[in-house]
Amino acid sequence: MAGPETKAVAELATASSASLPTSRQFILVLSRLWAWAFLGLMIVFFVIAVPVWNDGSVNFLTLRNSQNILVAITPVLLLGLGQTFVIIGAGIDLSVGWVMSLASVLSALAIRSAFNAGLPLFPSVIVGFAAAVLGAGLVGLINGAIIAKLKVPAFIVTLGTSFIVRGVALLMSENTTVIGLPADIRDYGSESLFYFIRGEGGGLYFLAPPELTGEMLRRMDRILAYPVIVTAIVVAIAIFILRKTQFGRHTYAIGGNLEAALRTGIPVDRHIIKLYVLSSVTAGIAGFLSTLRFTAGSAVIGDPLLLSSIAAVIIGGVSLFGGAGTVMGTVIGALIIAVLTTGLVMLNVQSFWQFIVVGAVVILAVLIDQSRGLLVGRRARSRHAT
Amino acid sequence: MTAPILSIRNMTKRFGGLTAVNSVNWDIYPGEVVGLLGDNGAGKSTLIKCVSGVHQAEEGEIYFEGRLSQFARPMDARRQGIETIYQDLALANNLDVGANIFLGREEKKLYVGGLIHTLDEQKMLNEAKATLESLEIHFPSLTQPIESLSGGQRQAVAIARAIYWDARLMIMDEPTNNLGVTEQRKVLELIRRLRDKGVPVILITHTLPDVFAVSDRLMVMHRGRKVTEKKTSETDTQELVQYMVGALDDTKVQ
Amino acid sequence: MLKKLFLVAVAALALAAVPLTASAAGKIKIGFLPGVVDPFYQVMQLGVEAAAKDLGLEVVTQVPATWGVEVQTPILDAMIARGDLNYLITAPTDKDQMIGPLKAALDSGVKVITVDTFLGDGNYVTGPVTFPISYIGSDNVEGGRISARGLAKAIGGKGTVYINSTNPNVSSVEGREQGFAEVMAKEFPDIKVLGPDYNLDDMNKAAQQTAAVLEQNPDLAGVFGTNVFSAQGAGTAVVNAGLGGHVQVVAYDATKAAIELMGKGVVSLVLAQKPYDMGYMAVQFAVADAAGVTSLPRRVETGFAIIDKDNVKDPEIARFIYQVPGQ
């Protein structure tokens, strides 16, 4: 491969300007980490402010509270994980909220039918999981196919399917909550890996707490609820796929420069379909977990969560233009939203102030993303979504 | 006369009502640089996209290295050794040098009997480093996204990618477009050296001085048709311009 | 009816014991978590705060921005996690889905009183759910019955009427729909009932749905809006269609907007619940429970004020209109 032409290319490379000065590089690194810093500052703020405001009777960073926060981020984070992949690939999925609702309804109906038909509890729950994931995956398949093959912008397609999915969910649930599920499924939805009993006669228990009543029950904290574990596993898988596999790299490439991806032979159409199936499936898992937690399927449960999931993704540093972002960023984004809500409740501030603050943080995130682009002289990219 | 490395017979490509390439016949021989000229909309880009698998011609045949070839996708053309460097370089700005060189053909490590794979980033980094070193290119960092590199540096990455994959025919679409004078000269030198190595180069360009600097033969297109094919030494700028604007047309002269 | 009077009497007696023992119970802290931001719950909050002031204790209030278990539950969890609440007064946003989260609250040592909506079937003695201290709210089924009779009278005993409602599986509106349909079926066989449609607590949707029904049934005689947003939305649709006065609207919940519409002749009957009473009594119950009282009634039905254009100016009646000072 070496040869005289090599010298020409070398001269070509060195003839042009050098790369960025260190001060700029420092700012770049900082811009990637700001969300972490913001989260840290917020936690510190609440740790100090909450006891002060409540005359010492309430503490922020208790074991119970931190576990609550982990449980609270589960639905938003699951929706956000799928959304992360799609947005890095320069698309967007506006249907995830309603897909979650549909999955909740499907899994509730499936669990109820299976259980009433005589299937024991655990297999019924598995049937519910399958119903949720398959139903959701089907929607993702349709989304991806229309976007990839018919070249309709993702914004429009997913908006359209979100209405259809909403209709189907309301239809299948007959416009009401799907109830009549075996109450024991709540165990899967809110039980945890560990139980810790504070104070006298206490201790750490694994998998099953002793039968408790009254005062001792009050001192019991749940650690690592099952939904949190499921979400953590999904997060780990998502990080692996995005960072370590060809699929992840191709996702970045498609989002970074669609033409380049096409010309270098990446099977773009198939890849796009897979991205939308991914985001729908994570929404399906979220819907399934919600059915377990509330022992009922609800056709309206995902609606308020769509915008929160997008906010989490943007705060986490995923660029809406595609080609940039990380899973951990989305995790931080979801945590910021949840810590904010909880902290505000503990400060007796009305929780809808959270919307104002989250909105401001989202705008801040976009501004930081824009200025980072200016610093590196970002070039215009082609996008396949609005 | 050796056999042509690339033969195009009666190629026609339409987009709806527009005929972008109209019944073109063309041969490229090993060891030559051939210029492809024409005004905007003449059909040059479309022609080479049909050769590189981005488009599929409605009519006509392509013979590469003597075999009738059909390139349904860009990957098929690349596998045969046809490497194309497009005007926009087809680089992913958000990925690093190694990722770009291996784009679409990443090296993988397999686990669990082939069920799970991860990117073999170490191998790709090593290979990229080796390639760049053999080309005596030094980038400050091989792991930063390439969007922070200059035009010339990114051109170097695109060329390095093509060279790494052992091009047997190099197609370059307006390679000197966004470069400064010094860099332009160096690209032309590179093209000469590729030719000396036996790699034929099709050079699409607007810049007539480049054609005279580097090409052995040339072909001019106008409104989708080939209007002339000449040895570079047997023509001059004025004549070429006439062909490009359609004032002269060899196919109409009987 | 007699049974109700008896229960209220018992409640009154139990409460009479409260001021004496409040100080003995020590300082308790109460959490208040209604369903959503609307005038009904705002008046309830006034009642809660008045009682808190009178009895000298602290209340922590959080009002969800939208109606739904996925919004109410995280706020509930955060309130419980504070660790300093003894009682929680709440309007559960779903009578089945909120059982789990509220039971978890009880397990953490926070006793629950439900207001306006109940869990399970509302019977905390022999029903499927028995852990809340009490349910204090309107007898919504009776309210539905009253509305039905009022609407039937207004339209002359025959014609087509339409129900516009908010959320399915919420005990309060369900009861109203039930009572309404029951009376119409039994006492007014000449009246045809359309709906209910669910506007999910969105006034705009209520207006759209009503407008659509008006289009489809040009001879529609009456509309029953089962709560604040339904009534206002439906009323707006009637006005926009130019049918104010021709289509009779019965509104559940006496917001100022509903009363205004009555002034314009659009709404013929307004059912005012007594959210102030619900809020005030809930706090009293908490204090009583903390003081060791065990005879609190498990269900208290607060009454209605039935407002029509004849009595709307009467101050005794008008005071039940949902007004928040300063608005």
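The values are calculated or read from the model by the stated rules, or taken from the named source; none is laboratory data. Keep in mind that this is a model prediction, so the values were computed, not measured. Every residue, glycine among them, receives a Cβ derived from its backbone with ideal geometry; neighbour counts consider all protein chains shown.
When the range C:105-127 is filtered for residues that are at pLDDT below 90 and more than 20 Å from C:Val173 (Cβ to Cβ), the ones remaining, listed by number, are C:Asp107, C:Ser108, C:Gly109.
Residues that are at pLDDT below 85, surrounded by fewer than 19 Cβ atoms within 10 Å (Cβ to Cβ) and within 14 Å of chain A (Cβ to nearest Cβ): does the range C:48-57 have at least one? Scanning the range C:48-57 turns up no residue that is at pLDDT below 85, surrounded by fewer than 19 Cβ atoms within 10 Å (Cβ to Cβ) and within 14 Å of chain A (Cβ to nearest Cβ). C:Ala234 meets all of the listed conditions (1) within 20 Å of A:Asn175 (Cβ to Cβ); (2) of a type in the set (A, V, I, L, M); (3) at pLDDT 90 or above but one, namely (3).
Scanning the range B:169-215 for residues that are assigned to a helix (DSSP H, G or I), β-branched (Val, Ile, Thr) and within 13 Å of another protein chain (Cβ to nearest Cβ) yields B:Val181, B:Thr182, B:Val187, B:Ile191, B:Val214.
Of all the criteria given as (1) farther than 30 Å from B:Lys123 by Cβ; (2) under 20 Å from the mean Cα position of the chain (by Cα); (3) of a type in the set (D, E, K, R), the one not satisfied by B:Arg154 is (1). Residues of the range A:256-314 that are within 14 Å of chain B (Cβ to nearest Cβ) and in a helix (DSSP H, G or I): A:Gly256, A:Leu258, A:Glu259, A:Ala260, A:Ala261, A:Leu262, A:Arg263, A:Val268, A:Asp269, A:Arg270, A:His271. Residues considered: C:Gln248, C:Gln232. Of these, the only one that is in contact (Cβ under 8 Å) with a residue 12 or more places away in the chain, assigned to a strand (DSSP E or B), in contact with a strand residue (DSSP E or B) (Cβ under 9 Å, 6 or more places away or on another chain) and away from every other protein chain (no Cβ under 14 Å) is C:Gln248. Restricting attention to the range C:49-66, the residues being part of a loop (DSSP other than H, G, I, E, B) and touching a residue at least 60 places away in the same chain (Cβ under 8 Å) number 2. Would you confirm, using the coordinates I've provided, whether A:Ser57 is in contact with a strand residue (DSSP E or B) (Cβ under 9 Å, 6 or more places away or on another chain) and of a type in the set (Ser, Thr, Tyr)? Yes. Just one of the listed residues (B:Gly104, B:Gly98) is touching a Leu at 6+ places or on another chain (Cβ under 6 Å), within 13 Å of chain A (Cβ to nearest Cβ), in contact (Cβ under 8 Å) with a residue 24 or more places away in the chain and closer than 22 Å to B:Arg161 by Cβ, and it is B:Gly98.
Every test in (1) loosely packed, with under 13 Cβ neighbours inside 10 Å; (2) hydrophobic (A, V, I, L, M, F, W, C); (3) in contact with a strand residue (DSSP E or B) (Cβ under 9 Å, 6 or more places away or on another chain); (4) at negative phi is passed by A:Leu207 save one, and that test is (4).
Among the residues of the range A:40-64, just one is outside any loop (DSSP other than H, G, I, E, B), surrounded by 18 or more Cβ atoms within 10 Å (Cβ to Cβ) and modelled with pLDDT under 85, namely A:Arg64. Look at A:Thr158 and say whether it is surrounded by 15 or more Cβ atoms within 10 Å (Cβ to Cβ), more than 24 Å from A:Ser124 (Cβ to Cβ) and of a type outside the set (A, V, I, L, M). For A:Thr158, the condition - surrounded by 15 or more Cβ atoms within 10 Å (Cβ to Cβ), more than 24 Å from A:Ser124 (Cβ to Cβ) and of a type outside the set (A, V, I, L, M) - is met. Annotation: B:Lys109 fulfils all but one of (1) in a strand (DSSP E or B); (2) surrounded by 16 or more Cβ atoms within 10 Å (Cβ to Cβ); (3) more than 7 Å from chain A (Cβ to nearest Cβ); the unmet one is (2). When the residues of the range C:185-212 are filtered to those that are buried (at least 20 other Cβ atoms within 10 Å of the Cβ) and out of contact with any helix residue (DSSP H, G or I) (no Cβ under 6 Å at 6 or more places or on another chain), the one that is nearest to C:Val249 (Cα to Cα) is C:Gln209. When the residues of the range C:81-94 are filtered to those that are at the interface with chain A (Cβ under 9 Å from one of its Cβ atoms) and buried (at least 24 other Cβ atoms within 10 Å of the Cβ), the one that is nearest to A:Leu217 (Cα to Cα) is C:Ala81. Among the candidates B:His117, B:His138, which residue alone is part of a strand (DSSP E or B) and within 9 Å of chain A (Cβ to nearest Cβ)? Just a single option satisfies the conditions, and that option is B:His117.
Evaluate the range A:72-90: report whether one residue or more is closer than 29 Å to A:Ile254 by Cα and part of a loop (DSSP other than H, G, I, E, B). Yes, the conditions are met somewhere in the range A:72-90. Could you check the range B:137-157 and list, in sequence order, the residues that are in contact with a helix residue (DSSP H, G or I) (Cβ under 8 Å, 6 or more places away or on another chain) and closer than 19 Å to A:Arg263 by Cα? Within the range B:137-157, B:Ile146, B:Arg154, B:Gln155, B:Ala156, B:Val157 meet the criteria. Residues that are within 14 Å of the chain's Cα centre (by Cα) and closer than 30 Å to A:Leu320 by Cα are absent from the range B:98-105 altogether. Only a single criterion out of (1) surrounded by 15 or more Cβ atoms within 10 Å (Cβ to Cβ); (2) over 29 Å from B:Thr182 (Cα atoms) is not satisfied by B:Gln144, namely (2).
Yes or no, residue by residue, for (1) at pLDDT 95 or above; (2) touching a Lys or Arg at 6+ places or on another chain (Cβ under 6 Å); (3) surrounded by 15 or more Cβ atoms within 10 Å (Cβ to Cβ); (4) in a helix (DSSP H, G or I):
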residue: A:Ser113; (1), (2), (3), (4): no, no, no, yes
residue: A:Gly118; (1), (2), (3), (4): no, no, no, no
residue: A:Pro123; (1), (2), (3), (4): no, no, no, yes
residue: A:Leu134; (1), (2), (3), (4): yes, no, no, yes
residue: A:Phe163; (1), (2), (3), (4): no, no, no, yes
residue: A:Leu171; (1), (2), (3), (4): no, no, no, yes
residue: A:Glu174; (1), (2), (3), (4): no, no, no, no
residue: A:Leu181; (1), (2), (3), (4): no, yes, yes, no
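Cβ separations smaller than 7 Å between residues 6+ apart or across chains give the following pairs from the range A:236-248 residues that are among the aromatic types (Phe, Trp, Tyr) to residues that are assigned to a helix (DSSP H, G or I): A:Phe247/A:Ile241. Taking the criterion of being at the interface with chain C (Cβ under 7 Å from one of its Cβ atoms) and assigned to a loop (DSSP other than H, G, I, E, B), the residues of the range A:342-356 that qualify are A:Asn348, A:Gln350, A:Ser351, A:Phe352. Evaluate the range A:317-337: report whether one residue or more is within 14 Å of chain C (Cβ to nearest Cβ), touching a residue at least 40 places away in the same chain (Cβ under 8 Å) and more than 13 Å from the chain's Cα centre (by Cα). Looking for residues that are within 14 Å of chain C (Cβ to nearest Cβ), touching a residue at least 40 places away in the same chain (Cβ under 8 Å) and more than 13 Å from the chain's Cα centre (by Cα), one finds none in the range A:317-337, hence no.
Checking each residue in the range B:230-253 for being out of contact with any Asp or Glu (no Cβ under 8 Å at 6 or more places or on another chain), surrounded by 14 or more Cβ atoms within 10 Å (Cβ to Cβ) and touching a residue at least 12 places away in the same chain (Cβ under 8 Å) picks out B:Lys230, B:Thr235, B:Leu240, B:Val241, B:Gly246, B:Asp249.
Residues that are touching a strand residue (DSSP E or B) at 6+ places or on another chain (Cβ under 9 Å), more than 14 Å from chain C (Cβ to nearest Cβ) and farther than 27 Å from C:Gln97 by Cβ within the range A:186-204 comprise A:Gly202, A:Gly203, A:Leu204, listed in sequence order.
From the list C:Leu46, C:Leu85, the one residue that fits, being more than 16 Å from the chain's Cα centre (by Cα) and either part of a helix (DSSP H, G or I) or closer than 21 Å to A:Trp353 by Cβ (or both), is C:Leu85.
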